[in-house]
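Undergrad: Sharing a structure below in structure tokens format, with a few things to ask.
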Amino acid sequence: MLTMNKISKSFITDDVATHALRDIQLHVNEGDFVSVTGPSGSGKTTFLNIAGLLETSTSGEYLLDGEDIAKLNDSGRSRMRNQKIGFIFQSFNLIPDLNLFDNVDVPLRYRGLNTAERRKRIEHHLDQVGLASRMKHLPSQLSGGQQQRVAIARALATSPRFLLADEPTGNLDSQMAQSVMSLLEDINKAGTTILMVTHDPSLAARATRQIYIKDGHVSELTNKNSNLHVVGEA
Amino acid sequence: MLELLARLELGLIFRALMRNKIGALLIALQIALTLTIMVNAIFMMQERSQQMARPSGLDETNTFYLSNTIFAQNYNTQTALQQDLQRIRQTPGVVAVTQINAIPLSGGGWSMGLQTKPGDDLEGTGTAVYMVDEHGIEALGVELIAGENFQSSDIVWREVGSTKWPPKTIITKALAEAMFEGDWKKALGKTVYIDNHQPVQITGIINGLQAPWNGWNGVERSMLVPQQLDGKGSRYFIRTEAGRRDELMPVIEKMLADSDRGRIIRNVTSMQQTRDESYQEHQATNTILLTVIIVLTLITGFGIVGLAMFSINRRTRQIGTRRALGASQWQVMRYFMLENLLISFAGVILGAAGAVGLNIWLVATFSMSPLSPVLLVIGVVALLIVGQLAVSYPALVASKISPATATRGRA
């Protein structure tokens, strides 16, 4: 599903190179629920961005669904994000000027789906997160937990094979966080692969695999799937 | 069609705009104001340009005139005039010369009313009056399209203060049409009345000869009368062979000045210069109007750039999120261009109404012609293009925002 082979990322500012990721080796299988933890500044977000095609690596090979990402141009990466990847952000990243229906509609329009199909998906996924009755509300009229549920509905509406969650519970209270986490577990059980960055060890422990990033290096802490082997560095 | 509109996100853009109305409304009003002023200013420029492009009927490139002012006492003006005209005719390169009472487009001249019937209470058709001799038509370079030229025997002297008019006239086609229900041919041979009661027969029709006043709505209506002014001030109108005007202007001035020390020759002026001076105000007005149009358009353009840049800076993370959700660079660029198009549409609809309203007021107040719908359409299209050009740079900047802004960028 996802293979990273010697992926590195460095940023150069004022002639000083900062190595955010160093020679990452990782393989994620379809249906995995992978949590990514690590201290602040360890490279978690960079790792997530590269995995989600939000930025490109400096070197190495990244295969997503068997496709070499390095061979895709910007349009190709946009298309792949839209068709195969769903995003859940810490700050929800809902568009404040659009109501819930329109927010969920955004990626579907980029997909080029017809109106009827889009409506069907939007209603289904808003219903799935328990917000079908509030589809005409603006994000500002919802609680944080509800907004994150809308973001999840938006991510699921495109039927992604791969869901990337960046601190999805970071801005939620513990009750809301549990609720969102349960939702993510349900989504994973339904077959969607999830890669989740979190600071919360208890949430990370609920994933089937735990990856730890420190100083740009990846190591695997646990793997509940006995048949999987992850190549990593200590 | 609806599917296409849906894919273009027009509904989403519109709904988002409705939640941030103020900036968009201000730009729409600016576009409306620009269109209102621009269309009417262009229309006024067009009217002036059309006026400036009207042919005077004269051979302008080869004609000039001068003033002859006599100061000597006991002077035989009639003999001196004939001698002057004779000397000028004999100058190599001169085609024709006539004494004339007024100069077309110069701003000063004579006017009278012509009536088809005699009577004090009848309203005549206004016309400029040019007093010329039998060389008048050739000297002016006007085209006789019907009837015949004056004979030397037709020419009579007109003393200062006289109100007597000769029995013949040659009139312009426009004057003939004004007097004879649009059919100029009917005018030839007809007797009309000048100064209420004096009969004058139309013996010839010339194609065109403009009056001295370019702003007069009857500028194309002129009449030639076979008269020579007997006085101490006169003007000679001279036509030269093609290309010899500038060479002959000082030659004739010197020749006349040297031939008689009892008068002053002055104001030697080409018809081209007279035309240029006549339309100087038009030119200046057009330049001012053009400047206003350019400045207004630039202000509108910069306003659009400013609003778009502000909007993009405010929505950096939102744009990054859209990119993360699958928007291509082109789709982001298209979003901002369509957003501008919607704002511009609102602006041009308001502006079109404003332009028509202003034009109605101008027509009622200044007797201008109604605005051409084609010009309005051109103005609308031009401003939509200006809007799209202005927003293209900010839209390009937006399209370059990295999708990683969704996780790292500003809120």
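Values in this text are rule-based calculations from the coordinates and carry no lab data. The shown structure was predicted, so the numbers you read here are calculated from the model rather than taken from an experiment. Every residue, glycine as well, gets a Cβ built from its backbone with ideal geometry; the counts of neighbours run over all protein chains shown.
Undergrad: I'd like the mean, over residues of B:331-337, of how many other protein chain beta carbons sit within 10 Å of each residue's own Cβ.
TA: Values: counts 5, 1, 0, 0, 0, 0, 0.
That average works out to 1.
Undergrad: Output the Cα-based Rg and Dmax of the protein assembly as shown in Å, rounding Rg to one decimal and Dmax to a whole number.
TA: Both quantities, over Cα of the protein assembly as shown: 43.0, 135 Å.
Undergrad: Another question about this same structure. For the stretch A:78-234, give the magnitude of the charge dipole about the Cα centre (Cβ charges: +1 Lys/Arg, -1 Asp/Glu; no others), in debye to the nearest 20. Let's see the in-between values first.
TA: Values: 19 positive and 15 negative charges, 136 e Å.
Roughly 660 debye for the stretch A:78-234.
Undergrad: While we're here: Sorted by packing (mean other beta-carbon atoms within 10 Å per residue), highest first, where do B:351-360, A:133-142 land? Before the final figure, lay out each step's value.
TA: Details: B:351-360: 18.7, A:133-142: 14.4.
Those peptides, ordered most packed to least, come out B:351-360, A:133-142.
Undergrad: Give me the inter-chain shielding for B:166-177: mean count of other chain Cβ atoms within 10 Å, whole number please.
TA: Working: counts 0, 0, 0, 0, 0, 0, 0, 0, 0, 0, 0, 0.
Partner Cβ neighbours, averaged per residue: 0.
Undergrad: Mind checking the mean number of beta-carbon atoms from other chains within 10 Å of the Cβ atoms in A:106-112? Mind showing how you got there, number by number?
TA: Working: counts 8, 6, 3, 10, 9, 3, 3.
Rounded to a whole number, the mean comes out at 6.
Undergrad: Using Stokes-Einstein with the Kirkwood hydrodynamic radius over Cα pairs, what translational diffusion coefficient do you get for chain A at 25 °C and a viscosity of 0.890 mPa s, in µm²/s rounded to a whole number?
TA: Values: Rh = 18.2 Å.
Value of D from the Cα-based Kirkwood radius: 135 µm²/s.
Undergrad: Continuing with the same structure: What ranking, highest mean first, results for peptides A:69-76, B:215-222, B:36-43 when packing means the other Cβ atoms within 10 Å averaged over each residue?
TA: Values: A:69-76: 13.1, B:215-222: 17.8, B:36-43: 23.2.
Top to bottom by mean Cβ count within 10 Å: B:36-43, B:215-222, A:69-76.
Undergrad: To continue, here is another question. When the helices in chain B are scored as -39500 (n - 2.57) per DSSP H run of 4 or longer and the sum is shared across all residues, what 222 nm value do you end up with, to the nearest 500 deg cm²/dmol?
TA: On the way: 13 runs with 210 residues, N = 411.
The helix contribution divided over chain B gives -17000 deg cm²/dmol.
Undergrad: Something else about it: Please get the size of the charge dipole for the stretch B:139-221, origin at its Cα centre, with Cβ charges of +1 on Lys and Arg and -1 on Asp and Glu, quoted in debye to the nearest 20. Write down the numbers at each step before the final one.
TA: Values: 8 positive and 9 negative charges, 21 e Å.
Dipole of the stretch B:139-221, to the nearest 20 debye: 100 debye.
Undergrad: Also: Give the shape of the stretch B:72-261 as rounded, prolate or oblate, defined through the alpha-carbon gyration tensor: a ≥ b ≥ c are the square roots of its eigenvalues, a/c under 1.5 means rounded, and otherwise the shape is prolate if a/b is larger than b/c and oblate if not.
TA: Numbers: a/c = 2.08, a/b = 1.60, b/c = 1.30.
Cα axes put the stretch B:72-261 in the prolate bin.
Undergrad: Moving on to the next point. Once all Cα-Cα distances of the stretch B:1-124 are split into 10 Å bins that start at 0, what whole-number percent is in each one?
TA: The calculated distribution, bin by bin, is 8, 16, 17, 16, 11, 8, 11, 7, 5, 1.
Undergrad: What share of the DSSP beta bridges in chain B is antiparallel, in percent to the nearest 5? Write down the numbers at each step before the final one.
TA: On the way: 35 of 49 bridges.
Here the antiparallel bridges make up roughly 70 percent for chain B.
Undergrad: Could you sort B:362-372, B:286-296 so that the peptide with the highest average Cβ count within 10 Å comes first and the rest follow in order?
TA: On the way: B:362-372: 12.3, B:286-296: 14.3.
The densest-packed peptide leads the list: B:286-296, B:362-372.
Undergrad: Have a look at B:Gly107, B:Val219, B:Met249 and report the one farthest towards the positive end of the charge dipole of the stretch B:72-261, computed about the Cα centre with Cβ charges (Lys/Arg +1, Asp/Glu -1).
TA: So the residue we want is B:Met249.
Undergrad: Run the dipole for chain B about the Cα centre, Lys and Arg Cβ at +1, Asp and Glu Cβ at -1, nothing else charged, and hand back the magnitude in debye, nearest 20.
TA: Working: 36 positive and 32 negative charges, 596 e Å.
Charge dipole of chain B: 2860 debye, to the nearest 20.
Undergrad: As I understand it, the dipole of the protein assembly as shown uses +1 on the Cβ of Lys and Arg and -1 on the Cβ of Asp and Glu, about the Cα centre. Which of B:Phe64, B:Leu8, A:Leu163 lies farthest toward its positive end?
TA: A:Leu163
Undergrad: Please give every one of the lysines within straight-line cross-link reach of A:Lys224, meaning a C-alpha to C-alpha distance under 26 Å, and leave out same-chain neighbours fewer than 8 residues apart.
TA: Those lysines meeting the cut-off are A:Lys6, A:Lys44, A:Lys84, A:Lys189, A:Lys214.
Undergrad: While we're looking at this one, here's another question. Past 30 Å, Cα to Cα, is the threshold; run B:Lys232/B:Lys254; B:Lys164/B:Lys254; B:Lys164/B:Lys185 against it and keep the listed order.
TA: Values: B:Lys232/B:Lys254 19 Å; B:Lys164/B:Lys254 35 Å; B:Lys164/B:Lys185 27 Å.
Violating the 30 Å Cα-Cα cut-off are B:Lys164/B:Lys254.
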